[in-house]
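Data first, discussion second: the structure below is written as structure tokens.
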Amino acid sequence: MSRYLLLSLFFAGMTLVGRAQQMPLVTNFMFNQLIYNPAAAGMQETQFNANLVSRFQWTGMNGAPVTNMFWADYRFPAKKMALGLNVNYDKFGANRNTDLLLNYAYYVPLSSKWKLSMGLRMGFTSARFSTAYLDRVWDQGDPVVEASNISATMPKAGAGFQLSARNFYAGFSAPDLIMSDKQNLYGNEGKPFFSKKRNYMLLAGYRIRLNDSYKLYPNIRFSYFPDSKVRADLNLIFEITDYFWAGATYSSYKSHALMAGTHISSRVRFAYAYEFKRDLGINLNTHEINLMLNLDGLFRKK
């Protein structure tokens with residue numbers, strides 16, 4: 001076997017017990033907060049939004065992760081609430097996983113400038129591990145290989161809080177606060193309910209207005225999963241208002257990224273990120289594409 005196939009098989013096996021810590025850590029997280037925090041529903045400047053994200057991780061490696069995500073949110077006018085939807089699909093080695101999640105957020109005004117959002121998320125994860133997804137296996141009829149085929153549908157719920165103002169946001173969430181894990185796919189065997197492994201996320205950002213045309217956006221994300229180190233991602237974006245933006249990301253996991261985006265129209269924004277990392281003597285480069293849609297008034301009758 002080539003070293004690429006060996007690595008693919010190794011990582012594919014590890015995801016049986018480790019997928020919980022593999023939340024889709026997208027590079028453009030500041031534009032996709034609803035992926036992590038249900039309280040972020042309706043927190044965009046526009047009322048009705050939809051985002052598409054495709055992430056091609058570790059390109060050139062056989063069985064490397066590919067993640068596709070769709071989310072949408074709608075803030076009800078004259079009401080202190082919003083609804084959101086997440087649909088995630090990722091494949092990684094012998095794994096295929098799909099998430100379908102509904103989000104609800106309720107806002108509490110703290111002052112004329114500040115508000116607190118509280119969010120809940122419910123849905124399910126469909127997880128499948130099958131060696132049939134692998135390109136090359138030594139002996140397809142091997143009992144060990146055949147016994148490795150696992151599938152499960154797991155109810156899932158999460159919660160979060162977000163504090164925001166015109167130029168600031170800070171949110172904390174547990175995206176998988178409650179999850180059924182009867183088949184021990186997440187390494188929870190023998191653990192009582194309140195000690196099960198969960199992801200915890202903290203996101204924050206601030207908009208600095210330089211003048212009427214130029215702005216700076218520093219953003220930070222902390223992610224924690226039990227038995228692993230806290231991961232920190234810090235980025236800085238420079239924007240020419242309503243035209244173009246570019247930035248860079250530094251990660252404590254020794255992966256860094258360059259980002260750029262443009263306003264295609266008043267309703268459509270496009271963003272691209274290139275993440276680069278070298279490990280085990282291999283270049284683990286990642287491409288991420290993000291399409292952001294403003295749907296305000298699109299379906300109203302003229």
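The values are calculated or read from the model by the stated rules, or taken from the named source; none is laboratory data. As the structure is a computational prediction, the values presented were derived from the model and not from experiment. Here Cβ is always computed from backbone atoms with ideal geometry, including for glycine, and neighbour counts include all displayed protein chains. Heads up: the accessible areas ignore ligands, DNA and RNA and are worked out on the full protein's heavy atoms, side chains in. Shrake-Rupley method; radii C 1.70, N 1.55, O 1.52, S 1.80 Å.
Given charges of +1 on the Cβ of Lys and Arg and -1 on the Cβ of Asp and Glu, with all other atoms neutral, how large is the dipole of the range 18-93 about its Cα centre, in debye to the nearest 20? Before the final figure, lay out each step's value.
Details: 6 positive and 3 negative charges, 27 e Å.
So the dipole magnitude of the range 18-93 works out to roughly 140 debye.
Kindly identify the range 42-93 as rounded, prolate or oblate by the Cα gyration tensor criterion: order the square roots of the eigenvalues as a ≥ b ≥ c, call it rounded if a/c is under 1.5, otherwise compare a/b with b/c, prolate if a/b is larger, else oblate.
Details: a/c = 5.88, a/b = 3.55, b/c = 1.65.
Here the range 42-93 falls in the prolate category.
Leaving out ligands, DNA and RNA, and with a 1.4 Å probe, what % of the accessible surface on the range 207-302 is carbon or sulfur?
On the way: 3600 of 5840 Å².
So the carbon and sulfur contribution to the accessible surface is 62 percent.
Note down the magnitude of the dipole of the range 193-294 about its Cα centre, charges +1 on Lys and Arg C-beta and -1 on Asp and Glu C-beta and zero elsewhere, to the nearest 20 debye.
400
Between ALA246 and PHE276, with labels modelled 7 Å along Cα→Cβ, what's the label distance in nm to one decimal, could you check?
So the two model labels end up 1.4 nm from each other.
Hey, got a sec? Which trypsin sites (Lys or Arg not before Pro) in the range 34-135 land in a DSSP loop and have at most 12 other Cβ atoms within 10 Å? Walk me through the intermediate numbers first.
Details: sites: ARG55, ARG75, LYS79, LYS80, LYS91, ARG96, LYS113, LYS115, ARG121, ARG128; in loops: LYS79, LYS80, LYS113.
Answer in residue order: LYS79, LYS113.
Describe numerically, in nm with one decimal, the distance between label points set 7 Å from Cα along Cα→Cβ at HIS256 and at SER111.
3.8
Across the range 68-134, how many lysine pairs separated by 8 or more positions, or lying on different chains, have Cα atoms within less than 26 Å? Walk me through the numbers on the way to the answer.
Values: LYS79/LYS113; LYS79/LYS115; LYS80/LYS113; LYS80/LYS115.
Here the count comes out as 4.
Zone of MET122 (label point 7 Å along Cα→Cβ, backbone N under 17 Å): which residues in the range 81-98?
Flagged as within label range: 82-86.
Mind checking the per residue accessible area of the range 219-302 for me, 1.4 Å probe, whole number of Å²?
Details: 4990 Å² over 84 residues.
Result: 59 Å² per residue.
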